[in-house]
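Notes follow the structure.
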Amino acid sequence: MRTLRFKQVDAFTPVPFRGNPVAVVLEGDGLSGAEMHVRSFAPSHGVPEDPVCGSGNISVAAFLRESGQAARFGAAYRARQGMQTGRDGSVSIRISEDGIHLGGQAVTCIEGALRVQ
């Protein structure tokens, strides 16, 4: 059995342990950004594994920026996600002093209307 070290990042909050916890595992020294893989799990919210998750990818990028490790992957990189769920996808990430930008393609799965009173 292999032991992986991780750092916890809390998405959606500036307060530790108050947001959506994300475990960031940085294994794979020497891999390029094109080889970065992200996996997001939320079983307590009914999501065993999210195929492609914006908040998970942004959390990884925020950790890289705040820990000074963003240079390992460059200012812009691509991350793959969803291979294990059979819904392989990728997102592009750009890290700058102004913020973190996430982009990619999506398909509409559900349509609806919201009635506001």
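Nothing in this text is a laboratory measurement; each read-out follows from the coordinates by a stated rule. Everything numeric here is computed off the predicted structure, so don't read it as measured data. Ideal geometry is used to build each Cβ from the backbone, glycine not excepted, and the neighbour counts take in all protein chains shown.
Things worth noting here:
- Among Met36, Met83, sorting on how many other beta-carbon atoms sit within 10 Å of each Cβ, with the fewest leading, yields Met83, Met36.
- Between the Cα long axis of helix 54-66 and the first principal axis of the chain there is an angle of about 30°, rounded to the nearest 10.
- Contour minus Cα-Cα distance for Thr85 and Leu114 (0.36 nm per residue): 7.4 nm
- Test item: Cα-centred dipole of region 7-103, Lys/Arg +1 and Asp/Glu -1 on Cβ, debye: 80
- Reported label for calculated volume of the Cα convex hull per residue in Å³ given [x] 133; [y] 170; [z] 92: [y]
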